[in-house]
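Right, one structure below, let's go through it.
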């Protein structure tokens with residue numbers, strides 16, 4: 001019989017290490033939009049940092065980047081490049097949001113851990129809360145794939161920052 005305490009700890013470590021890496025990769029990549037804001041708005045990086053930090057949600061920051069890129073003075077190729085980057089970033093938000101708004105439940109017998117959503121979803125005639133989903137090997141693989149895509153996106157944003165000469 002496996003040591004359930006060590007099995008549970010290992011399962012917790014597998015999830016939390018990945019979620020930590022996911023959050024690190026996400027935050028690091030999101031912060032690169034400071035340079036994009038500075039470039040598109042023709043401002044210095046310090047001012048762009050103030051603007052970025054004043055907008056307190058990722059959605060607001062990405063909306064700003066998209067809107068700046070749609071100004072008439074921005075060439076179409078630059079606009080398409082920037083909105084392509086924000087589109088890719090938004091696509092990764094579902095998984096990150098899931099793991100930032102859940103708690104975990106572990107089977108003392110060593111079964112697959114569960115995520116329990118800590119949000120209320122309003123339905124027509126009811127509310128739904130505490131949705132549970134398994135966080136097994138397939139989910140860990142999904143987190144790893146998301147981290148890889150965010151890492152590539154990070155490199156792609158840096159390439160655009162350098163190519164366009166946005167403030168560093």
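The values are calculated or read from the model by the stated rules, or taken from the named source; none is laboratory data. Owing to the predicted nature of the structure, the values given are computational and were not obtained by experimental measurement. So basically every Cβ, Gly included, is an ideal-geometry build from the backbone, and we count neighbours across all protein chains shown.
Looking across the stretch 93-106, just one residue is over 26 Å from residue 58 (Cβ atoms) and either free of Cβ contacts under 8 Å to residues at least 40 places away in the same chain or part of a strand (DSSP E or B) (or both), and that is 105. As for the stretch 119-142, it holds at least one residue that is in a helix (DSSP H, G or I), out of contact with any strand residue (DSSP E or B) (no Cβ under 9 Å at 6 or more places or on another chain) and under 30 Å from residue 36 (Cβ atoms).
Residues that are free of Cβ contacts under 8 Å to residues at least 60 places away in the same chain, farther than 24 Å from residue 93 by Cβ, in contact with a helix residue (DSSP H, G or I) (Cβ under 9 Å, 6 or more places away or on another chain) and outside any helix (DSSP H, G or I) within the stretch 44-73 comprise just one, 71.
Residues are listed down the side, and each one gets a yes or a no for (1) surrounded by fewer than 16 Cβ atoms within 10 Å (Cβ to Cβ); (2) at pLDDT below 95; (3) more than 21 Å from residue 48 (Cβ to Cβ):
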residue: 75; (1), (2), (3): yes, no, no
residue: 129; (1), (2), (3): yes, yes, yes
residue: 135; (1), (2), (3): no, yes, yes
residue: 159; (1), (2), (3): yes, no, no
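Of the residues making up the stretch 32-43, those that are in a helix (DSSP H, G or I) and either over 16 Å from the mean Cα position of the chain (by Cα) or loosely packed, with under 15 Cβ neighbours inside 10 Å (or both) are 35, 36, 37, 38, 39, 40.
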